[in-house]
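Here's the structure we're looking at; comments come further down.
The values are calculated or read from the model by the stated rules, or taken from the named source; none is laboratory data. For clarity, every value in this text was computed on a predicted model and none was experimentally measured. Reconstructed Cβ throughout: ideal geometry from the backbone, glycine too, with neighbour counts over all protein chains shown. When the accessible area is computed, the model is the full protein with side chains, heavy atoms only, and any ligands, DNA or RNA have been set aside. Shrake-Rupley method; radii C 1.70, N 1.55, O 1.52, S 1.80 Å.
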Amino acid sequence: GRWYFLIGGGGGGGGVAGSGRADSKNIMMEEDAEEDEPPEAYLCPITCELMEDPVVAEDGKTYERAAIAGWLKKSDISPITGQRVKNRDLLIPNQNLKKLILQWSERQERLRKARS
């Protein structure tokens, strides 16, 4: 999708649709508000669904926690890199991505309500 950078802009009606926080103190990055599909980075590469609890595995890739935990119970091979995973219990929460996904989901909900 396209990205817009909103820098400054007084709070009255300017800014990106759905942002609701455009002021001269905020520097924001908003995805094109017209897109209903999540960015590919927000989807688990195993389930192809929007992640709720993204974690980084030993292979450096991000997955939905339940999906990669289930995968690693059955296999010690990374589903993306094909390399051996030595520490199958090492799943680090990806807090930044989780926050971006939550913001995107909330923005989509606001847009849906505005359309109805």
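The condition of being modelled with pLDDT of 50 or more and assigned to a loop (DSSP other than H, G, I, E, B) holds for GLY82. Of the residues making up segment 64-97, those that are touching a strand residue (DSSP E or B) at 6+ places or on another chain (Cβ under 6 Å), within 30 Å of LEU111 (Cβ to Cβ) and open to solvent by less than 40 Å² (accessible area, probe 1.4 Å) number 2.
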